[in-house]
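Structure, as structure tokens:
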Amino acid sequence: MPFRLNPPRDRKLFRLVKNSEGERLTKGRALYAPGDEAREVYLVRTGFVRLVLPGMEPGLPERTVRVALPWELFGDEALTEGRRRYGAIAGATCVVHPMPKGGVLQGLKTAKTSLDAYLEGMERELHRLRHAQGGSHGPSAAQRLAEVLLDLGARCGEPQGRGIQITQKVTHQILADLAGAHRATVTTLLNDWLYSGVLVARADGCLALQRPRDLLALAGYHSAAEKPGV
């Protein structure tokens, strides 16, 4: 699970970033594949990286299971395992910084706030997964998509009045993968929410969560207190 780096707090980890040479990746370029040897942990400086698994059937494109956003670490399986669990593909033109796993592990161990933040991030992800399984028949596609949008808003959003501006342009297919839904379903839901004013689309293709509380309700939460990070 990607972990967001806070430079003023995570001084040792930030020093690793400063001492590493950034690698520029064009959109669609693969950084590594599932099963590759996991030698380094990476940080996204600009753009975003898709963490992917092979398609469900032969011939189908890979599916995105998570995205690593600016100032987030990914590839943390290098800390505990010898092989990559997922592939990593540039979701946009981006810059990533490779960092030695020993240095990252030491940075996490010696900075209690960093380690706490890392563990809290894992707890939030487990909370999201437990919520996704709630209900006798499971969540609807609308609930899952609202959850994905709220998560993106919490991780790469900027306040905009009462709303939240998502700063990364994410395709409908990526949103569909993350929500576990068909792309056509996601496109229909987004169009409905744009029409009703829950969302707003900017000229650059990025989305704004115009009415986050409505999205909380669509995701199945009764109040913002139930949703970590919102």
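Consider only pairs whose beta carbons are under 6 Å apart and that are at least six residues apart or on different chains; among these, list those whose first residue lies in the range 9-31 and is in the same structural domain as Leu53 (by TED's automatic domain parsing) and loosely packed, with under 13 Cβ neighbours inside 10 Å and whose second residue is among the hydroxyl-bearing types (Ser, Thr, Tyr) and assigned to a helix (DSSP H, G or I).
If the second residue must be among the hydroxyl-bearing types (Ser, Thr, Tyr) and assigned to a helix (DSSP H, G or I), the pairs left are Arg9/Thr113.
Of everything in the range 3-57 that's assigned to a strand (DSSP E or B), at pLDDT 90 or above and aromatic (Phe, Trp, Tyr), which residue is nearest to Leu69 (Cα to Cα)?
Tyr42
The values are calculated or read from the model by the stated rules, or taken from the named source; none is laboratory data. All values derive from a computational prediction rather than experimental measurement. Don't worry about glycine lacking a Cβ; one is built from the backbone with ideal geometry, like all the others, and counts go over all protein chains shown.
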